[in-house]
Amino acid sequence: MKNTTPSPRDGYDIALYGISDGTFYGIHIPAIICIVTSFTCAVVTLVLSFWSKSYRTFFSSWSKSDRFVVYMAMCDGLFNMSHFSDHMHILIARSHVYPRGLCKFYGFMLVEFTSAQVMLVNIIAINAFVLIRTDKKIKFGTRDWRLLLWTFGAPFVGATIAAGLEQFGPNGTS
């Protein structure tokens, strides 16, 4: 039996998810509401974190757990900004993101900040485990450079490799 379904050429020939079955707005509007809610929570967390403590003493007198809260809020806020841009672009255009370079940029940013959140959560979990099991504190270096390098650097390298291998672009979902 011969397969008559054509293979996608470049991603732009794949129908945007939700357009053909009428679920387009049912997907994107709730997504935007969730993104805005999450972003608002991240901003409130940052404001309240810096409300009573000085940013000047962030690395010197804030506890590691206080800094973790700020880092998590920053990761969430950055992810939400890139995700909001992608969804809003698609919602307004009711089409894939054009030009292709912008679509790739959105993909790069989504991979970077999603992966950064995962890396940070893993480090926080490992830190808690080590602290509880061995009563030792993991040292993240001056100004938390090791933590920040792992959190943002590793995803950046991965996303850069993916971009170099042309793995970003339209795929029917973005």
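The values are calculated or read from the model by the stated rules, or taken from the named source; none is laboratory data. These figures come from a predicted structure and were not determined experimentally. Quick reminder, even Gly has a Cβ in these numbers, built from the backbone with ideal geometry, and neighbours come from all protein chains shown.
A few comments on the model shown:
- Number of residues in region 91-149 that are on the phi > 0 side of the Ramachandran plot, free of Cβ contacts under 8 Å to residues at least 40 places away in the same chain and under 22 Å from the mean Cα position of the chain (by Cα): the value is 0.
- Filter result for the condition that a residue is in contact with a Cys (Cβ under 8 Å, 6 or more places away or on another chain), of a type outside the set (F, W, Y) and under 27 Å from G18 (Cα atoms), over D86, D76: D76
- Considering region 89-131, the residues that are in a helix (DSSP H, G or I) and of a type in the set (D, E, K, R) include one that is surrounded by the fewest Cβ atoms within 10 Å (Cβ to Cβ), namely R100.
- Single residue of region 66-87 satisfying the filter (aromatic (F, W, Y) and in contact (Cβ under 8 Å) with a residue 40 or more places away in the chain) that is farthest from L110 (Cα to Cα): F68
- Scoring W62 on the criteria (1) more than 30 Å from Y17 (Cα to Cα); (2) modelled with pLDDT of 95 or more leaves a single failure, condition (2).
- One residue alone among D86, D21, D10 is touching a Lys or Arg at 6+ places or on another chain (Cβ under 9 Å) and either over 30 Å from L149 (Cβ atoms) or part of a helix (DSSP H, G or I) (or both), and that residue is D10.
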